[in-house]
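One structure below.
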Amino acid sequence: MRSVNRRDIFPALGTVLLGSIATASLAKPESLSAAPAKPEGHKSDAHLIALCEQFIAVQRKIDAAHAPINTFEDEERAEPVFKALYTHEGDLFRQIIHTPAVGFEGVRAKAKAMISWEREGIDDNPEDYWNARALNSMLRDLLTV
């Protein structure tokens, strides 16, 4: 019987490990990617992203509804439309703030939704309070990363 030394064990161990990885990759193709595997029960940001996209769409509808308003009478006539839009906006807002992001894309979706609501923009304004300037800076960063 032949004795086993380190020179024989490490190549054999490497072959077994590579074989195990290859077998696992065939069973779960996602293991071939560089992204870490998601734990069992992992939640995605898909629902949050959808809420944020709906919120942005409502903001566009609000802007479109405001466009033809020139007089107080126009505003009074449009009041039922605004009431429905603002109710829907509020419902979406409550869902968004109570739905935690589980990844960067969820955080980014929330930033986009917030920016869609901020009609004055997120540019740096030296006259704003420091917290508003810092928040706007973070929002700009989130959109560029």
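Overview of values
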item: Net length gained if the chain between D91 and R77 were fully extended (0.36 nm per residue, minus Cα distance); result: 2.7 nm
item: Probe 1.4 Å, protein heavy atoms only - accessible area per residue of region 48-145 in square angstrom; result: 69
item: FRET efficiency, N125 to H47 (Cβ-Cβ, R0 41 Å, nearest 0.05); result: 0.75
item: Accessible-area composition of region 32-145, carbon plus sulfur, in percent [1.4 Å probe]; result: 59
item: Projected area, mean over directions - region 86-145, Cα convex hull, nm²; result: 4.7
item: 19 Å Cα-Cα reach of K110 towards aspartates and glutamates, excluding residues that sit fewer than 8 places from it in its own chain; result: D45, E53, E89, D91, E118, E120, D123, D141
item: Karplus-derived HN-Hα couplings along region 79-96 (A = 6.51, B = -1.76, C = 1.60, θ = phi - 60°), whole Hz, x at Gly and Pro; result: 3, x, 5, 4, 4, 5, 5, 5, 5, 5, 4, x, 4, 5, 4, 4, 5, 5
item: Sites L135 and A84, calculated FRET efficiency, Cβ-Cβ separation with R0 35 Å, nearest 0.05; result: 0.75
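The values are calculated or read from the model by the stated rules, or taken from the named source; none is laboratory data. The structure presented is a predicted model; accordingly, all values stated were derived computationally and were not measured. In this analysis, Cβ positions are derived from the backbone assuming ideal geometry, glycine residues included, and neighbour counts consider all displayed protein chains. For accessibility, only protein heavy atoms count, side chains too; no ligands or nucleic acids. Shrake-Rupley method; radii C 1.70, N 1.55, O 1.52, S 1.80 Å.
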